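The values are calculated or read from the model by the stated rules, or taken from the named source; none is laboratory data. Just so it is clear, the model here is predicted, and its values are computed rather than measured. Positions of Cβ are backbone-derived with ideal geometry, glycine not excepted, and every protein chain shown enters the neighbour counts.
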């Protein structure tokens with residue numbers, strides 16, 4: 001019985017750490033917002049409770065005024081309302097309570113309240129005046145807070161507003177009179193949660209911005225790391241492919257020189273010439289590889305200076321077709337330039353533009369399954385010239401479209417040499433066209449349906 005071995009992929013530690021960091025930051029922000037929420041809620045509750053306490057003291061003072069003698073001394077603890085009309089001009093009230101320090105504090109508070117109430121003579125019903133005073137203070141502190149106020153004085157129950165809305169979800173603050181425990185004052189806060197969140201708007205906004213910045217930084221770090229890894233992988237592939245590409249002609253050169261030396265083939269001029277041609281072809285191949293690497297290095301450093309001249313497009317493509325004639329004959333391929341106008345000129349660097357077209361033709365031949373058909377077409381559009389290079393090759397999968405112009409990228413990933421190359425041709429072509437202030441783009445490509453490239457260049461021609 002055969003055993004099956006399952007390959008377990010190692011987790012991406014960077015991704016794990018990044019997710020942990022995002023989770024920690026998110027939890028920290030939520031905890032911070034929760035703390036701010038509780039603090040805001042406690043603050044509003046505490047301040048409104050203090051306001052209710054002052055209201056209760058004011059009301060106690062108003063009640064005391066219903067039981068004073070001519071000298072302003074309190075005679076009894078009974079609670080009666082004194083209409084404003086009974087307040088006389090110049091009346092002076094002095095609170096006299098015996099007892100400890102706590103009673104002294106109460107006396108001072110009531111004395112202050114009574115002095116304030118005496119100033120309200122002629123303002124209307126005193127409980128309404130006190131409510132309006134309370135309302136103005138609370139509205140000034142929290143203008144969006146919806147509330148109700150009710151109090152029980154003996155058998156009498158008063159509420160503002162009247163009738164009182166449903167208080168099922170409201171926060172109720174209760175205060176008891178300091179001079180009559182049967183008198184209770186209730187402050188009902190209907191939308192405390194909403195007011196708390198309104199006060200936290202900037203805290204929430206800043207927290208969200210901070211969270212977005214942190215997550216963006218983590219995402220950028222992950223993307224940057226992925227790109228670095230991918231670039232390193234492509235460079236490794238490039239090194240492997242380049243090593244293979246160099247080893248092949250070097251091995252051929254070594255074999256040819258060894259044959260000439262060991263077997264005395266120098267006397268056989270026909271055989272010697274054949275070996276010399278082989279050596280020249282391999283040396284040319286090595287030279288082209290070195291030049292390609294050098295050109296890309298110069299492009300990366302910005303050290304390429306274009307030497308522009310008037311170029312006849314059709315003549316240049318005819319020269320390229322002649323260069324590739326041995327390859328096209330061997331592969332039964334065709335390079336068709338019939339659609340190019342004979343009098344189409346463009347001002348460009350001849351050497352580099354020639355190399356761009358050579359790279360495109362070379363790719364079309366390498367990535368074909370025999371009987372390659374390569375068509376060049378062009379037309380003028382205003383002050384620009386558009387050139388199309390179309391083939392019937394194997395095509396490029398859509399997943400690779402965005403990467404084909406990147407240095408070292410090859411569709412045949414890994415150390416695969418069924419198609420020779422080192423991933424610099426298209427990136428070089430793209431940068432050269434960009435230096436000419438033009439655009440090279442992959443117009444369309446599908447597996448099994450060929451590929452079409454489009455080159456757009458400013459015409460800037462001079463036929464005269």
> Just checking, which of 139, 159 is outside any helix (DSSP H, G or I) and within 18 Å of residue 53 (Cα to Cα)?
Replying inline: 159
>> Please go through the range 136-163 and give me each residue that is free of Cβ contacts under 8 Å to residues at least 40 places away in the same chain and more than 46 Å from the chain's Cα centre (by Cα), ordered by number.
In response: 136, 150, 152, 155, 156, 157, 158, 159, 160, 161, 162, 163
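For (1) surrounded by 13 or more Cβ atoms within 10 Å (Cβ to Cβ); (2) under 17 Å from residue 367 (Cβ atoms); (3) modelled with pLDDT of 85 or more; (4) touching a strand residue (DSSP E or B) at 6+ places or on another chain (Cβ under 8 Å), each residue gets a yes or a no:
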position: 387; (1), (2), (3), (4): yes, no, yes, yes
position: 394; (1), (2), (3), (4): yes, yes, yes, no
position: 404; (1), (2), (3), (4): yes, yes, no, yes
position: 416; (1), (2), (3), (4): yes, yes, no, no
position: 419; (1), (2), (3), (4): yes, yes, no, no
position: 423; (1), (2), (3), (4): yes, yes, no, no
position: 434; (1), (2), (3), (4): yes, no, yes, yes
>> Just checking, does the range 374-384 include any residue being part of a helix (DSSP H, G or I) and either under 25 Å from residue 459 (Cβ atoms) or in the same structural domain as residue 438 (by TED's automatic domain parsing) (or both)?
In response: no
> Quick check, is residue 205 under 27 Å from residue 41 (Cβ atoms), at pLDDT 75 or above and out of contact with any strand residue (DSSP E or B) (no Cβ under 6 Å at 6 or more places or on another chain)?
Replying inline: yes
> Within the set of pairs 6 or more residues apart or between chains, which connect a residue that is closer than 18 Å to residue 138 by Cα inside the range 164-191 to a residue that is modelled with pLDDT under 70 with Cβ atoms less than 7 Å apart?
Replying inline: 188/167
> Mind checking which residues of the range 176-205 are part of a helix (DSSP H, G or I), over 31 Å from the mean Cα position of the chain (by Cα) and loosely packed, with under 15 Cβ neighbours inside 10 Å?
Replying inline: 193
>> Being under 39 Å from the mean Cα position of the chain (by Cα) and closer than 17 Å to residue 440 by Cβ is the filter here; which residues of the range 368-390 pass it?
In response: 381, 384, 385, 386, 387, 388, 389, 390
> Would you call residue 205 over 22 Å from residue 15 (Cα atoms) and without any contact (Cβ under 8 Å) to a residue 40 or more places away in the chain?
Replying inline: yes
